[in-house]
1. Taking Gln161 and the conditions (1) touching a Lys or Arg at 6+ places or on another chain (Cβ under 9 Å); (2) part of a loop (DSSP other than H, G, I, E, B); (3) surrounded by fewer than 13 Cβ atoms within 10 Å (Cβ to Cβ); (4) among the polar types (S, T, N, Q), which numbered condition does it fall short on, given that it satisfies the others?
2. Identify all residues within segment 128-158 that are in contact with a His (Cβ under 8 Å, 6 or more places away or on another chain) and either closer than 12 Å to His77 by Cα or not in a loop (DSSP other than H, G, I, E, B) (or both); write none if there are none.
3. How many residues does segment 80-116 contain that are surrounded by fewer than 17 Cβ atoms within 10 Å (Cβ to Cβ), modelled with pLDDT of 90 or more and under 18 Å from the mean Cα position of the chain (by Cα)?
4. Under 8 Å by Cβ, and 6 or more places apart or on different chains, what pairs join a residue from segment 157-178 that is farther than 18 Å from Asn42 by Cβ with one that is among the polar types (S, T, N, Q) and surrounded by 24 or more Cβ atoms within 10 Å (Cβ to Cβ)?
5. Report every pair of residues separated by at least 6 positions or lying on different chains whose Cβ atoms are under 6 Å apart, first residue within segment 49-62 and more than 13 Å from Asn142 (Cβ to Cβ), second small (Gly, Ala, Ser) and in a strand (DSSP E or B).
6. Has segment 84-93 got any residue that is β-branched (Val, Ile, Thr) and either in contact with a strand residue (DSSP E or B) (Cβ under 6 Å, 6 or more places away or on another chain) or more than 24 Å from Ala159 (Cα to Cα) (or both)?
7. Quick one: in segment 117-142, which of the residues that are touching a residue at least 60 places away in the same chain (Cβ under 8 Å) and farther than 20 Å from Asn95 by Cα is surrounded by the fewest Cβ atoms within 10 Å (Cβ to Cβ)?
8. If I go through segment 164-173 residue by residue, how many of them are in a loop (DSSP other than H, G, I, E, B) and either of a type in the set (D, E, K, R) or in contact with a Phe, Trp or Tyr (Cβ under 9 Å, 6 or more places away or on another chain) (or both)?
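The values are calculated or read from the model by the stated rules, or taken from the named source; none is laboratory data. Computed from a predicted model, the values in this text were never measured in an experiment. Counting neighbours? That spans all protein chains shown, and the Cβs are built from the backbone with ideal geometry, glycine included.
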Amino acid sequence: MSLTPKQLAYAAAALCTAALSGCASMSAGPKAQAELKPTQGNTASGWVRFEQRGSSLLVTAEVRGLKPNGEQGFHVHEKGDCSAPDATSAGGHFNPAGKPHAHYLQGASHAGDMPNLKADANGVAKYSFTSDSLSLASGAANGVVGRAVVVHRDPDDYASQPAGNSGPRIACGVITTG
C-alpha cells in the first residue's frame, strides 16, 4: 500500500497530535516551594520545590552551608511552623498513616521520609526525588502544602524510632504554593 503525499501529511499530523496529547498528560501539575532558612547557630539554607506529576510528587532542592561531603537527614514535618530557634515547632515527621519510621522505599514508612541530602566538597547538595507517598492535591491526607521541610545535622539511619537518629534541625522551610 502506498500513501500519497497528502495522506502522509495527515498521518504525520495525527501522530504528532497523539504524541503531544500523551506528553500533555505527563506534564507538570500543581507546584509548591519552601525557602530553607538556617536554625539558630547554623548556616544551611536553600530551596525545595514540589511538582505534582500524576500520582507522584517530584521533590527537587538545592541546599548550601552543609558539612562538605556530608550527609544530612531530610524530611517533611507535620506542622508548617519554623518559628522556634531550633525548628522543633515543625513537629515530628509527617506521618498521616501512622506508620513506623523506615527507609523511604519500604511501604511501611512515614510519608515524610525521604532520602538523605548528600553534600559535595563545597557543602552544596543538589537533590531530586520522586515520592508516591506525598501529594500537592488539595485536601489530600498526604498533602504537603502548609507543612515544613527540615534538614537535619546527621544522616537518617532509616531505622531508629521515631525519626532515624538524624540529630538537630539545621534548616527549616514552610511549604507554600504560588
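1. Of everything listed in (1) touching a Lys or Arg at 6+ places or on another chain (Cβ under 9 Å); (2) part of a loop (DSSP other than H, G, I, E, B); (3) surrounded by fewer than 13 Cβ atoms within 10 Å (Cβ to Cβ); (4) among the polar types (S, T, N, Q), Gln161 misses just condition (1).
2. Listed by number, the residues that qualify are Arg147, Ala148, Val149, Val150, His152.
3. Residues flagged as surrounded by fewer than 17 Cβ atoms within 10 Å (Cβ to Cβ), modelled with pLDDT of 90 or more and under 18 Å from the mean Cα position of the chain (by Cα) within segment 80-116 amount to 2.
4. From residues that are farther than 18 Å from Asn42 by Cβ, the pairs are Asp157/Ser166.
5. Listed pairs, sorted by first residue: Thr60/Ser128; Glu62/Gly46.
6. Looking only at segment 84-93, we keep the residues that are β-branched (Val, Ile, Thr), and these are 88.
Going one step further and asking which of them are either in contact with a strand residue (DSSP E or B) (Cβ under 6 Å, 6 or more places away or on another chain) or more than 24 Å from Ala159 (Cα to Cα) (or both), we end up with none.
Taking every residue of segment 84-93 in turn, none turns out to be β-branched (Val, Ile, Thr) and either in contact with a strand residue (DSSP E or B) (Cβ under 6 Å, 6 or more places away or on another chain) or more than 24 Å from Ala159 (Cα to Cα) (or both).
7. Looking at the filtered set, the residue picked out is Ser128.
8. First, pick out the residues of segment 164-173 that are in a loop (DSSP other than H, G, I, E, B): 164-168.
From what's left, either of a type in the set (D, E, K, R) or in contact with a Phe, Trp or Tyr (Cβ under 9 Å, 6 or more places away or on another chain) (or both): 164, 166.
Number of matching residues: 2.
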